[in-house]
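Heads up, the thing below is written out as structure tokens.
The values are calculated or read from the model by the stated rules, or taken from the named source; none is laboratory data. Bear in mind the structure is a predicted one, so any value in this text is a computation, not a measurement. Neighbour counts run over all protein chains shown; Cβ positions are idealised from the backbone, glycine included.
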Amino acid sequence: MAERLLAEGYSVHICDVSKENVDEFVAANSRATATVADIGDRADADRIFSDLLEHHGHLDILINNAGIAGPAVPVEDCDEDGWNECIQVNLTGTFYMTKRAIPLLRKSKSASIINIASTAALMGCPFRSPYVASKWAQIGLTKTWAMELGPDGIRVNAVCPTSVEGPRIERVIELEAKQRGRTTDEIRDVYLRQTSMRSFATADEVADTVLFLASDKASRISGHALAVDGHTEGFLNWLD
């Protein structure tokens with residue numbers, strides 16, 4: 001997403017909890033600025049916006065994308081610390097970032113907040129209770145904030161990707177395979193059979209949707225949760 005926005009001429013400030021990730025991104029994208037931070041920490045959230053103002057002085061678009069997978073286990077086996085960590089980052093972190101962004105967005109002539117939720121936020125997903133809880137809540141916040149901020153000209157939408165190709169979904173598949181005593185190929189097939197198009201989304205496909213919602217072409221779109229999923233038929237998530 002950050003790379004696509006840079007390519008379209010946007011100024012971009014990213015944050016990530018990993019210094020290695022941040023350094024790698026900035027080295028490859030010299031126009032980008034960044035903060036190493038955990039969005040679930042209030043002091044870190046303050047520092048992100050301090051750095052943003054120092055580098056750019058304004059904000060037009062907030063993309064709430066940072067998040068973690070959380071435990072992938074049945075609810076009775078869900079570690080309570082794992083639950084709390086997932087909610088803290090995915091949900092409370094989204095709140096921290098949005099609260100701090102609003103005064104800046106009110107000054108913009110084309111302000112937009114884009115929350116990266118999930119198709120799990122549209123129908124639920126077995127073994128993913130904390131993640132699902134955080135993402136359903138993001139949809140509720142999207143609609144609530146669209147109501148609150150619409151009079152200020154701030155659009156608020158959510159993007160709901162299916163599983164996205166890459167190392168993150170592979171880690172989730174490995175964890176679930178271990179939990180269920182199955183192979184990773186069996187679990188991956190379950191995930192693929194959940195969507196009509198029988199494939200994962202790509203990062204570029206998600207980025208294209210974000211780019212559209214950030215642009216003036218979406219100037220009358222607010223309060224929506226847009227799935228990028230190849231049509232999710234259902235999250236059965238069971239081996240027949």
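Test of understanding: among 198, 193, which residue is of a type in the set (D, E, K, R), surrounded by 14 or more Cβ atoms within 10 Å (Cβ to Cβ), out of contact with any Pro (no Cβ under 7 Å at 6 or more places or on another chain) and more than 25 Å from residue 10 (Cα to Cα)?
Only one candidate passes the filter, namely 193.
Of the residues in the range 204-228, how many are out of contact with any helix residue (DSSP H, G or I) (no Cβ under 9 Å at 6 or more places or on another chain) and part of a helix (DSSP H, G or I)?
Residues that pass the stated criteria total 6.
Which helices (runs of 4 or more DSSP H) sit wholly inside the range 61-136 and have at least 1 residues that are over 25 Å from residue 232 (Cα atoms) and among the charged types (D, E, K, R)?
80-87, 93-105
Pull out all pairs, ordered by first then second residue, where Cβ-Cβ is under 7 Å, the residues are six or more apart or on different chains, the first lies in the range 178-207 and is under 23 Å from residue 159 (Cα atoms), and the second is modelled with pLDDT of 90 or more and in a helix (DSSP H, G or I).
Every condition considered, the pairs that remain are 207/4.
Scanning for something out of contact with any Cys (no Cβ under 9 Å at 6 or more places or on another chain) and modelled with pLDDT of 95 or more, does the range 180-197 turn up at least one residue?
Within the range 180-197, not a single residue is out of contact with any Cys (no Cβ under 9 Å at 6 or more places or on another chain) and modelled with pLDDT of 95 or more.
Name every residue in the range 8-24 that is surrounded by fewer than 17 Cβ atoms within 10 Å (Cβ to Cβ), outside any loop (DSSP other than H, G, I, E, B) and touching a helix residue (DSSP H, G or I) at 6+ places or on another chain (Cβ under 9 Å), in order of residue number.
Hits for the range 8-24: nothing passes.
Look at residue 48 and say whether it is in contact (Cβ under 8 Å) with a residue 60 or more places away in the chain and either acidic (Asp, Glu) or not in a loop (DSSP other than H, G, I, E, B) (or both).
no
Restricting to the range 141-168, count the residues that are at pLDDT 85 or above, surrounded by 14 or more Cβ atoms within 10 Å (Cβ to Cβ) and outside any strand (DSSP E or B).
Within the range 141-168, residues that are at pLDDT 85 or above, surrounded by 14 or more Cβ atoms within 10 Å (Cβ to Cβ) and outside any strand (DSSP E or B) number 7.
Pull up the range 25-71, narrow it to residues that are within 12 Å of residue 13 (Cβ to Cβ) and of a type in the set (S, T, N, Q), then point me to the one that is surrounded by the fewest Cβ atoms within 10 Å (Cβ to Cβ).
My answer is 50.
In the set 75, 12, which member is within 25 Å of residue 135 (Cα to Cα), at pLDDT below 95 and aliphatic (A, V, I, L, M)?
Checking each option against the conditions leaves just 75.
Could you look through the range 171-186, keep only residues that are β-branched (Val, Ile, Thr) and more than 17 Å from residue 75 (Cα to Cα), and pick out the one that is nearest to the chain's Cα centre (by Cα)?
The selected residue is 173.
Yes/no per residue for (1) touching a Gly at 6+ places or on another chain (Cβ under 6 Å); (2) farther than 22 Å from residue 82 by Cα; (3) among the hydrophobic types (A, V, I, L, M, F, W, C):
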residue	(1), (2), (3)
136	no, no, yes
139	no, no, yes
166	no, yes, no
172	no, no, yes
181	no, no, no
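Regarding the range 108-130, can at least one residue be identified that is of a type in the set (A, V, I, L, M), at pLDDT below 95, under 28 Å from residue 205 (Cβ atoms) and in contact with a helix residue (DSSP H, G or I) (Cβ under 7 Å, 6 or more places away or on another chain)?
Looking for residues that are of a type in the set (A, V, I, L, M), at pLDDT below 95, under 28 Å from residue 205 (Cβ atoms) and in contact with a helix residue (DSSP H, G or I) (Cβ under 7 Å, 6 or more places away or on another chain), one finds at least one in the range 108-130, hence yes.
Can you find, within the range 120-137, the residue that is nearest to residue 63 (Cα to Cα) among those that are surrounded by fewer than 24 Cβ atoms within 10 Å (Cβ to Cβ) and not aliphatic (A, V, I, L, M)?
Filtering the range 120-137 for residues that are surrounded by fewer than 24 Cβ atoms within 10 Å (Cβ to Cβ) and not aliphatic (A, V, I, L, M), the one nearest to residue 63 (Cα to Cα) comes out as 136.
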